[in-house]
Amino acid sequence: MLLKLIILMALTTLAIALLMRWRLPAILGYLTAGIALRELGYDLFEAGAQLKLLTELGLVFLLFTLGLEFSFPQLKSLQRAVFAFGPSQFFGSALIGFLPLAFFLNFTITQAVVIAFALAMSSTALVSKQLREQRELNTRHGRNAIGVLLFQDLVAVPLLILVPALAAPVDGNLAQNLLMAFAKGITAAIVLVFAGRKVLPPLFHWVAKKGSDELFVLVCLLVTLVAAEVTETLGLSMALGAFLAGTLLGESQHKHQIEAEIRPFRDVLLGLFFISIGNLLSLAALVEHAEKIAIALPLIIAAKAGVIYVSLMILKERQREAVLSSLVLAQVGEFGFALFALAADHRLLTDETLAVVLATSIASMLLAPLILRHSTNIADFLLRRKHRLEDDVKPVTIIEAATGELEDHIVICGFGRVGQLVYRFTEWEGFQNIALDRDSQRVQEASQAGVNVFFGDASRKEILRAAGVERARMVVVCVDNIEHAEQIVSATRALREDVPVMVRTRDDHHLDELREGGATEVVPEILEGSLMLISHVLVMLEVPVSRVLQRVQRARRERYRQLKGFYLGAGANVTHEATRHPQQRHAVKLTLHARAVGRTLSDLDLEHLGVEIVSLRRGENEFEYPSRTDPLRFGDTLILMGFPEDVEAAEDRLLAGRRKRSLPPETEDG
């Protein structure tokens, strides 16, 4: 048992390390490790009870995590997407898209049902993460996708009951077995919901008062495992109990703390689950069925996307949004893997069938980020549109008609939170505005309120020309995406060189690129907020307002240099991903034999390492701009600023190679 566990962990570590180097998803590493284990002769589904229990716990925590992310308030706010689009997508994909295909391939009715429902599932984790990164969660197709995924979460409960019931001996009466299984499932749900609402709030309130992280984690694990044991005792899947426990805890005030505390356990056990999925595959099976997999992959993606598109069009969704929604949901998701794992555990599918459907499902998940990232371009291509337009109506014509007589106005690109504030305050001062935004629902709602906002991509020259940028007094760019902001600035400058262009960003990491690209001013929101706080503090301390203004203006002139760099504490995250933002400040005191003693800053050339000398402390004096030609002395303290890995290299250059000589007494005394 221990040797198997060591081999499993070693293979997983190696696979994930290689994949991180190639910037591929960690899930592929787990799956690869599972395949490698099988090639070495280890079958987790035939393994000892302890190892098999670990993989089952992985499935339990996968379903607990999905349950924890389930949101009843979100379900209520997305009613149309959940209860109209959701059923049409799920049952349309399962019953129209995949069930006939399964029968055509001569599967039994049991196999056909399991495969059809599993393939109809989409990936909640992957879709929500990618949409969030692309800032598309609040778009129309983003809300459609989240609504459909919420419905799939609801359907998961009966499916987790259905699969074990299909595997039970039928005794000539399958309907009776199914009714009995669903009766047990309803009983388990009622028991867990009733007990959870009575027991969990006071339990977690008591745990929170204790203030112990270890106790909190143990209680979370205990609740999950108790719920899983309840459903298993009733002859149902442990995963069902875990999902129900997750939904109960997801509605509590402790949801976010639970997510944070169980993340290490969850990630390890989820890794074991995906290893067990990979362990169901073998290289021989992949090679043998490569042709079937190559045919099945585009068929499944196309069939799923096609059914979703047709369903949404029947329900009067806009054509473009229907295409985008179908692309977003075209992959197979975690629940699909969970159903395949249950089916494998109950011997419902043959090894050949498992190999084909699992390999195809894994490939669809690996392709999903690429499809999501380019979904807009794919939609444009499929709809044979050169540009991103809305419902076959050219926004250029609409914008030109509305702005034909405008002059000396302000063009606001992006009508989110900041764009709307700019619009309100400038309008209050009597300026004329026109706003452009790519969120059709936001444009529709604001237009109904009388706001002069139009649907259009401000990075397109024809849109800017239609908005009258050649006659405008100013252009204000308020989009979140830096690449989009750079494109807007470039398009504006191509039309007009002299118009002031103000760009709002979250921070100053792209300040130089934007200014070089043509931005007149770049306003980093976070740093400007800090300046405002500092100004209020100084004014309340009765510092003269004129001096406060001078300091603020100086900070802006020096491109916020004084606001950069922070001393990182012991709890700071200094992994590679976290080190680029923000910069670090670090004090280095020169020891007696430090390499830098007796040398000048010019000799050391720390700037070449990407590090800035903020100041130098010598005794009681501090020099903000230290001389580059004066020799450094023993006892000097240099304040460095840069990214952590660069600061570390600079400190090594200052201190390493310590000289084996004594300095004159007067130098040692400082």
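What the table shows:
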| read-out | value |
| --- | --- |
| Candidate set from segment 519-547 (those that are part of a loop (DSSP other than H, G, I, E, B) and free of Cβ contacts under 8 Å to residues at least 24 places away in the same chain); member that is nearest to residue 468 (Cα to Cα) | 520 |
| Subset of segment 108-160 (residues that are farther than 30 Å from residue 478 by Cβ and assigned to a loop (DSSP other than H, G, I, E, B)) | 108, 121, 122, 123 |
| Unique residue being in contact with a Ser or Thr (Cβ under 8 Å, 6 or more places away or on another chain), surrounded by 15 or more Cβ atoms within 10 Å (Cβ to Cβ) and of a type outside the set (D, E, K, R) when the list is 71, 88 | 88 |
| Subset tally (residues that are of a type outside the set (A, V, I, L, M) and assigned to a helix (DSSP H, G or I)) for segment 245-262 | 8 |
| Qualifying residue in segment 187-202 (condition: within 30 Å of residue 329 (Cα to Cα) and assigned to a helix (DSSP H, G or I)) | yes |
| Extreme residue, modelled with the lowest pLDDT, among residues of segment 606-626 that are closer than 25 Å to residue 563 by Cβ and of a type in the set (Gly, Ala, Ser) | 610 |
| Among residues of segment 208-244, those that are of a type in the set (S, T, N, Q), buried (at least 18 other Cβ atoms within 10 Å of the Cβ) and part of a helix (DSSP H, G or I), counted | 2 |
| Selection from segment 498-518 of residues that are basic (Lys, Arg) and assigned to a helix (DSSP H, G or I) | 515 |
| Residues that are within 38 Å of the chain's Cα centre (by Cα) and charged (D, E, K, R), drawn from segment 398-423 | 400, 417 |
| Residue list for segment 258-292, restricted to those being surrounded by 19 or more Cβ atoms within 10 Å (Cβ to Cβ) and within 14 Å of residue 362 (Cα to Cα) | 273, 274, 275, 276, 277, 278, 279, 280, 281 |
| Single residue of 563, 568, 527 found to be out of contact with any Leu (no Cβ under 6 Å at 6 or more places or on another chain), of a type outside the set (Val, Ile, Thr) and either at pLDDT 80 or above or surrounded by 12 or more Cβ atoms within 10 Å (Cβ to Cβ) (or both) | 568 |
| Selection status of residue 35, surrounded by 15 or more Cβ atoms within 10 Å (Cβ to Cβ), modelled with pLDDT under 80 and either in contact with a strand residue (DSSP E or B) (Cβ under 6 Å, 6 or more places away or on another chain) or part of a helix (DSSP H, G or I) (or both) | no |
| Residue 191 being within 30 Å of the chain's Cα centre (by Cα) and either closer than 17 Å to residue 250 by Cβ or touching a residue at least 24 places away in the same chain (Cβ under 8 Å) (or both) | no |
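The values are calculated or read from the model by the stated rules, or taken from the named source; none is laboratory data. Nothing here was measured: the structure is a model prediction, and the numbers come from that model. As a convention, Cβ positions derive from the backbone with ideal geometry for all residues, glycine included, and neighbour counts pool all protein chains shown.
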